[in-house]
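Asks: One structure, as structure tokens, below. Some questions next.
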Amino acid sequence: MKVRDIVRNIFLNPKSFFLENLGVKQTIAKNTFWLAVAEVINKILRFIFIIYVVRILGATEYGKFTFGLAFVGLFGIFSDLGVSQIVTREIAKDSSKEKELPAIFSLKLLLTLITLFLILIGSFFITQTPQIQKIILILAFLTAVQGFSSIIFAFFNAKQRMEYQSFAKIFEVILLVILGFFVIFHFPSAENLSYVYLTSAFLTLVFVSLFFHFKILPIRFSFNFSIWKTYLLLSWPLALSGVIGSILGNTDSTMMGYFGQITQTGWYNAAQRIVATSVIPANLIAVSFFPALSKFFSEAKEKLQTTWNYYAQTVILFILPLIVGGIVLAPKIINFVYGANFQPAILAFRILIICGGVAILSGPLNQVLLVSNQQKKVFFIGVFGALVNVSLNFILIPKYSLYGAALTSLVAGFLILFLLFKLTSKLTPVEPINSKLISSFLITGISVIPMYFAISQPRVYNLNVIFSILIGAAIYSVTFLILKTVLKYSI
């Protein structure tokens, strides 16, 4: 199906275009649309909800919740072990593999029970506080529910019906927000917030399971050790990568909670939540570039370099104003979002916004290594980063609390960026340092200077933070466009 045919179908028959698979390009466009819509709605609604949660519960109660969530997150990979991704791959290649689903459902059930047991045992070692142990147990069941949902979503992805998963995610976040606002306004506590998350996930699983059972395939269970062995052998590399991701993503909060710094955990996660929301555009950019990089790696190395340059330039264009603006306006941002009681989160936010920029800058390097079949090397870099993260956290968190955790993330992030850069230079056709990127850094760096001076001025700084951000963005954009025109620079 040609692009013009896709556009024509959108206007002439929007229902078919957005809810049916009519051709390769249309199906990709449809799936991308629904995944993007679900992601944006999910992130925005959750962020708005968390703002009220943090303001009403306060740093200590929110810290209890985020500590429990981080600890459970360390075990989340064990409920899946990468099986969901393998299910998607295998069924997409061979629809006859659908008959193996009953065995996969049974395997997921077994992995879920093992995960629940591990979390239950671990909770007695990580904290001696009964309330937090209860929160951990509630969130353990949340992990179990989400883990089982992932197999159903894996089947939808294999059939390229991402709209079903998107509807489920939107349904869940709407439930979460409705139930959550009722609970935090009438029965505010970290424990009740945990019940809200579990309830919304469980009701979504019921809804998805019923739809799947009656509209797609009957849900059945069967014990087939041969199938279990086959899928686990295929998924173990993904499982190892998932373990590394879990450590990098959850160690900071878990270790702060382990050292009894619950309030500091609340401050830290409040700052981290803003950073995670601010980098959503960069994540969407990354998704859009990966297929093109994969294609050109096999077909045309010159186009690979050109596409990679475009990706890296786009990233540079985004991260420099994000970091500079975030550092300057950090007090205003924290106060606007969470209130004056979260002033200790300001310095952590400044460090974490740099971490976010470093992570975004690592994206082009990571992706070109993956398309160059260097995933094993990327995995070992992740292992090294996780070891550095854990080691430094043991040293810095007891002394510097949330600021030590943020510095640990920053150091680990820079080390990973450096190693990815070295491997990209040696093992891929891409030149990570070239005239295009040097020009991008120079022009973007110059464009940030007037933005910095503008938002630092009291007349702009003392405005509502939204207006300060808009003024800064406008000055940066105009300066960049002027330099781009004068220097005849293309991006």
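Please treat every number below as a calculation from the coordinates, not as lab data. Computed from a predicted model, the values in this text were never measured in an experiment. FYI the Cβ positions are ideal-geometry reconstructions off the backbone, even for glycines, and counts take in every protein chain you see.
Asks: In segment 203-244, which chymotrypsin sites (Phe, Trp or Tyr not before Pro) are in a loop and have at most 12 other Cβ atoms within 10 Å, using DSSP for the loop call?
Replies: Qualifying residues, ordered by number: F223.
Asks: First select every other residue whose beta carbon is under 12 angstrom from the beta carbon of I216; then total the charges, Lys and Arg +1, Asp and Glu -1.
Replies: Taking every other residue near I216 into account, the sum is +2.
Asks: Also, I was wondering about something else. For the chain, with the dipole built from +1 on Lys and Arg beta-carbon atoms and -1 on Asp and Glu ones, taken about the Cα centre, which of N157, I119, F78 lies farthest toward the positive end?
Replies: N157
Asks: Please give every one of the aspartates and glutamates within straight-line cross-link reach of K303, meaning a C-alpha to C-alpha distance under 13 Å, and leave out same-chain neighbours fewer than 8 residues apart.
Replies: Answer for K303, where 13 Å is the Cα cut-off: E431, listed by chain and number.
Asks: How large is the charge dipole for the chain, taken about the Cα centre, if only the Cβ atoms of Lys, Arg (+1) and Asp, Glu (-1) carry charge, to the nearest 20 debye?
Replies: Here the size comes out at about 860 debye.
Asks: Take the Cα pairs of segment 8-260, get the Kirkwood Rh, then feed it into Stokes-Einstein at 10 °C and 1.306 mPa s and tell me D in µm²/s.
Replies: For the chosen part, D equals 81 µm²/s.
Asks: Need the C-alpha centroid separation for segment 248-282 versus segment 75-106, integer Å.
Replies: Cα centroid to Cα centroid, the span is 31 Å.
Asks: Relative contact order for segment 8-260: what is it in percent, counting Cα pairs under 8 Å that are at least 6 residues apart?
Replies: 34 percent
Asks: In the chain, with Lys and Arg counted as +1 and Asp and Glu as -1 at Cβ, which of these residues, P102, T314, L203, has the Cα nearest the positive end of the dipole, that is, farthest along it?
Replies: T314
Asks: Measuring from the lowest to the highest alpha carbon on each principal axis, how far does segment 227-334 reach, largest first, in angstroms?
Replies: 53, 47, 15
Asks: Moving on to the next point. Taking the Cα centre of segment 287-405 as the origin, how large is its charge dipole in debye, to the nearest 20, when only Lys and Arg (+1) and Asp and Glu (-1) carry charge on their Cβ atoms?
Replies: It works out to roughly 100 debye.
Asks: How many angstrom lie between the Cα centre of segment 457-491 and the Cα centre of segment 335-391?
Replies: 26 Å
Asks: Convert each backbone phi in segment 36-43 into a coupling constant with the Karplus relation 6.51 cos²θ - 1.76 cosθ + 1.60 (shift: θ = phi - 60°), then list the ³J(HN,Hα) values in order as whole Hz, x for Gly and Pro.
Replies: 5, 4, 5, 5, 5, 4, 4, 5
Asks: For a quick check: sort F289, F414 by the number of other beta carbons within 10 angstrom, fewest at the front.
Replies: Fewest-to-most Cβ neighbours within 10 Å comes out as F414, F289.
Asks: Where in the chain is the longest stretch that carries no trypsin sites (Lys or Arg not before Pro) classed as loop by DSSP and with at most 10 other Cβ atoms within 10 Å?
Replies: 3-487
Asks: What does the helix-only formula give at 222 nm for the chain: each DSSP H stretch with n ≥ 4 adding -39500 (n - 2.57), the total divided by the residues, and the result rounded to the nearest 500 deg cm²/dmol?
Replies: -30000 deg cm²/dmol
Asks: Apply the Karplus curve 6.51 cos²θ - 1.76 cosθ + 1.60, θ = phi - 60°, to the phi angles in segment 266-281 and return the couplings in whole Hz, x for Gly and Pro.
Replies: x, 4, 4, 5, 5, 5, 5, 4, 5, 4, 4, 6, 5, 9, 4, x
Asks: Also, I was wondering about something else. At a 10 Å Cβ-Cβ cut-off, how would you order V279, V383, fewest neighbours first?
Replies: V383, V279
Asks: When a footprinting reagent is the concern and you count Cβ atoms within 10 Å, what order do S123, S194 take, fewest first?
Replies: Exposure proxy ranking, most exposed first: S123, S194.
Asks: Follow-up question, since we're still on this one. Can you tally the net charge around F181? Count Lys and Arg as +1, Asp and Glu as -1, for every other residue whose Cβ sits under 14 Å from the Cβ of F181.
Replies: With Lys, Arg at +1 and Asp, Glu at -1, the net is +2.
Asks: Under unit Cβ charges (Lys, Arg +1; Asp, Glu -1), what dipole magnitude, rounded to 20 debye, does segment 8-260 have relative to its Cα centre?
Replies: That gives segment 8-260 a dipole magnitude of about 620 debye.
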